[in-house]
Amino acid sequence: MQIRAQLSQLQVRSENEQEMIIEGYFAVFNSNYEIGEGMSESVAPGAFTKTLADDIRALVNHDSTLVLGRTSAHTLELREDEHGLWGK
């Protein structure tokens, strides 16, 4: 089994006993992310602009039954700036 990960500056903290917070840049523009042997991808500035107007869900392992947060429920905040996609 191979596991690949990208180092990030995400912070995880507890605001109270029932709520955990994940905060930081979910994607950084113009950075190479290795996605497989000999394959990488880079996210261009502006890549999220159109999508951020939609109802977005943060999922665990792309599983739609494991929702971490949702923009329409105000349990997920997302914004795009010159550095990348920031979320909380």
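Per-residue extension of 0.36 nm, minus the Cα-Cα distance of residue 34 and residue 21, leaves a gain of 2.1 nm for this segment. In order along segment 22-31, the phi-based Karplus estimate (6.51 cos²θ - 1.76 cosθ + 1.60, θ = phi - 60°) of 3J(HN,Hα) comes to 10, 9, x, 8, 7, 8, 10, 5, 6, 10 Hz; Gly and Pro are listed as x. Heavy-atom accessible area with a 1.4 Å probe sorts 42, 31, largest first, into 42, 31. Rolling a 1.4 Å probe over the protein chains gives residue 79 an accessible area of about 120 Å².
According to the square roots a ≥ b ≥ c of the eigenvalues of the Cα gyration tensor, what is the shape class of segment 34-87, taking rounded for a/c under 1.5, prolate for a/b larger than b/c otherwise, and oblate for the remainder? It comes out oblate by the Cα gyration axes.
The values are calculated or read from the model by the stated rules, or taken from the named source; none is laboratory data. All values derive from a computational prediction rather than experimental measurement. Surface accessibility is based on the protein's heavy atoms, side chains included, excluding ligands, DNA and RNA. Shrake-Rupley method; radii C 1.70, N 1.55, O 1.52, S 1.80 Å.
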